[in-house]
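Computed from the coordinates by the stated procedures, all read-outs in this text should not be read as laboratory data. Quick caveat: nothing in here was measured; it's all calculated off a predicted structure. Counting neighbours? That spans all protein chains shown, and the Cβs are built from the backbone with ideal geometry, glycine included.
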Amino acid sequence: MKSLFLITLFLQININFSIAQISQSHNQITGEIKRDLIALLPKGDLLVDVMDSIKADPRKLELIAKFQEAIQNNKEWYYQYSKENRTEGALRYHSNLGVTEEEYKELLNINNDFEEISTGKETIHIEYNENIIRFKSQGKLAIFNYVSIDLDNYIVKIGDEILSFKSTINVQNDNNALKSKWKGYHWRLEYTTSSPNETMPNFEIGYHKLYKFSIGVIEKTGKVFIQISGTEINNGVRTVGFDLPIIY
């Protein structure tokens, strides 16, 4: 009887494992946004990994700290310099950035050295109201309570912010925080204003808002990856800041 129980248990474990593998292999990006979102966001409860920590070389973390300290100590200069000295998205090197030119080159490629890691699991509930997808959660994932996806108009809302569909993602190498190729979709809202500073005529003060929502499938594991983030900076002071990646 004991042998029969062990054999039955073994078969159940392997059947469940096979089902999980089949389920994950069905996760894919076809280019048909509505169909893909419905497939990747099934109704009901999902147990997800909260990927809100990173594994990185201590030296890279030290460089980031030096860079951030330099910016913090010279906000006005950094704001004006970054506005005038960007080429193809990258900021030109300057000694005021707090690192050497060689260290700055390392920082420009730093994404290759990070890996997102899980700090634990949380449950997230997905529900449909006609063609609107909504989420319910708590704890670290409470921000998802403010997220909805309109399947008819292809827009994502985070609170009152409306994010427009921007692009299909197709990452073709493993040099990223997921350490895998992956495909998905990306929504974005970005808004910036500026006005002259009366006390410093050559410096402009302003407001910057950036909200993002991405969803995709990781090639190596077949798992679904979602990341939502929001940033609002008013005259150099961050008033909103969150970044939550999850995997399931």
Completion exercise
Label model pair Leu37, Thr193: point-to-point distance (7 angstrom along the Cα→beta-carbon line) in nm is 2.9 nm
Problem - Proximal lysines relative to Lys75, as straight alpha-carbon distance under 27 Å, when same-chain residues fewer than 8 apart are discounted - result: Lys60, Lys66, Lys83, Lys105, Lys209, Lys212
Practice task
Report the label-to-label distance for His94 and Thr119 in nanometres (one decimal), using points 7 Å from each Cα along the Cα→Cβ vector.
Solution key: 3.3 nm
Handout entry: Under 5 Å, built H, 5+ apart or other chain: amide partners of Ile169
Key = Gly184, Tyr185, His186
Practice task
Provide the three semi-axes, in whole Å and in decreasing order, of the ellipsoid equivalent to the range 58-110 as defined by the square roots of 5 times the Cα gyration tensor eigenvalues.
Solution key: 18, 14, 8
